[in-house]
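No lab work stands behind these numbers, since they all come straight from the coordinates. All values reported here derive from a predicted model rather than from experimental measurement. Ideal geometry is used to build each Cβ from the backbone, glycine not excepted, and the neighbour counts take in all protein chains shown.
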Amino acid sequence: MHGCGFKFLFCSIQPAIFERMDEQKEVNALLNLIDDPDHEIYEAVSDRIITYGLPMIPNLEHLWETTADSAVQERIELLIHRLYFSGLNADFKQWDEAGHHELMPALLLIAKFLYPELQAAKVLHHVERLRRNIWLEINNYLTPLEQVHIINSIIYNYIGIKGTSNNTDRPNEYLLPQILESKKGNQTGIGALYLLLVDMLDIPVRLMRIPHQFVLGYCKPGLGDATGNHDVDFFIEPSLGQVFTHTDLHHYLTKIAVENSPELFRPQSNREVIRQVLTDFRECFNNDLQKIQYQELETLIRLLN
């Protein structure tokens with residue numbers, strides 16, 4: 001009886017064993033074909049490797065380490081990037097479909113585009129420390145302007161983050177973890193950090209729709225009309241924390257020949273914020289050498305359209 005039982009167990013697992021063996025044979029064959037000079041064969045091999053997902057990465061990393069051919073190493077690096085992006089794309093879809101649209105997970109996903117093995121714990125610790133420092137200073141008796149001055153003091157003075165203009169040669173200045181680590185970011189990157197903090201503190205600062213700028217507005221709570229427009233107290237330029245008025249904004253719009261329309265005062269949702277960060281970040285890869293990365297970011301942007 002025990003023999004029959006053992007025989008039944010062996011028979012039941014035997015297909016799985018052979019399936020794994022066949023799979024390993026295919027993996028080995030695919031790895032051996034990465035250096036094939038025939039472009040069509042290489043494309044077919046690449047597409048098949050991508051279907052294996054992230055578990056394929058250790059095999060590719062080992063192959064890279066044992067390969068002297070720089071052209072093959074470049075192919076392997078591209079395959080590893082494609083595998084990471086496949087996972088990133090799936091995570092973005094999940095974030096979008098979940099409906100909560102919290103800023104923190106999406107900003108971490110954007111950073112993973114360049115740093116796929118990013119560990120979130122250190123970033124979360126930094127952000128929580130910032131939030132707590134602001135929370136300890138803010139109370140319900142402060143005016144909106146006083147609240148913003150406290151936020152600015154913590155970000156730019158206490159933490160010491162330095163703002164720069166958006167520069168496509170410095171992609172790290174768009175990414176939350178790198179901004180917190182280097183204490184340097186551009187208008188979009190620091191603006192996203194600013195929005196993350198005010199969102200956690202329930203302070204009604206939102207991204208505005210000002211052309212060619214990542215500008216924030218302090219929206220008076222509860223005064224949104226049926227079109228979604230809000231009465232905005234003042235505006236904030238996040239790279240320096242500079243506060244400016246409606247008159248200042250009107251002068252800027254006149255300078256760039258844009259009509260001062262009500263649509264500019266409809267605050268953007270978190271989903272729209274992430275789409276804008278991706279759009280600005282994408283320009284870092286708008287060149288002949290990084291077309292694939294540009295197209296991948298375009299894929300993520302379309303996902304949020």
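Structure data summary
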item: Calculated from backbone phi, Karplus (6.51, -1.76, 1.60) coupling profile of segment 63-72 in Hz, x at Gly/Pro; result: 5, 4, 5, 9, 10, 8, 6, 5, 5, 5
item: Angle in degrees between helix 246-255 and the longest Cα principal axis of the chain, rounded to the nearest 10; result: 70
item: Using θ = phi - 60° and Karplus 6.51 cos²θ - 1.76 cosθ + 1.60, couplings along segment 292-305 (whole Hz; Gly, Pro as x); result: 5, 4, 4, 5, 5, 5, 4, 4, 5, 5, 4, 4, 9, 6
item: Note, ³J(HN,Hα) from phi for segment 174-188, Karplus 6.51, -1.76, 1.60, rounded to Hz, x at Gly and Pro; result: 9, 9, 3, x, 6, 5, 5, 7, 8, 6, 9, x, 9, 4, 5
item: Under-5 Å amide H pairs with Thr164, H placed in peptide plane, nonlocal only; result: Gly185, Asn186, Gln187
item: Loop-located chymotrypsin sites (Phe, Trp or Tyr not before Pro) in segment 135-195 whose Cβ has at most 12 other Cβ within 10 Å (DSSP); result: Tyr141
item: Choice from Ser46, Ser261, Ser182 showing the highest fluctuation, given a GNM over the chain with Cα pairs closer than 10 Å; result: Ser261
item: Once the Cα gyration tensor of the chain is diagonalised, semi-axes √(5λ) in Å; result: 47, 23, 18
item: Segment 54-131, Cα convex hull volume normalised per residue, Å³; result: 102
item: Highest average packing first - 82-90, 232-240, Cβ atoms within 10 Å; result: 232-240, 82-90
item: Sites Val27 and Asn89 - FRET efficiency at Förster radius 35 Å, r taken between beta-carbons, to 0.05; result: 0.95
item: Ranked list, fewest to most other Cβ atoms within 10 Å of each Cβ, for Val45, Val243; result: Val243, Val45
item: Fully extended contour minus Cα-Cα distance, from Asn139 to Leu201, at 0.36 nm per residue; result: 21.2 nm
item: Inter-site label distance for Asn167 and Tyr294 at 7 Å from Cα along Cβ, in nm; result: 2.1
item: Packing-based ranking, highest mean first, of 36-44, 23-31 given that Cβ atoms within 10 Å are counted; result: 23-31, 36-44
item: Sum of -39500 (n - 2.57) over DSSP H runs of 4+, divided by residues of the chain (222 nm, nearest 500); result: -19000 deg cm²/dmol
item: Segment 234-284 - Rg over Rh from alpha carbon coordinates, Kirkwood radius; result: 1.00
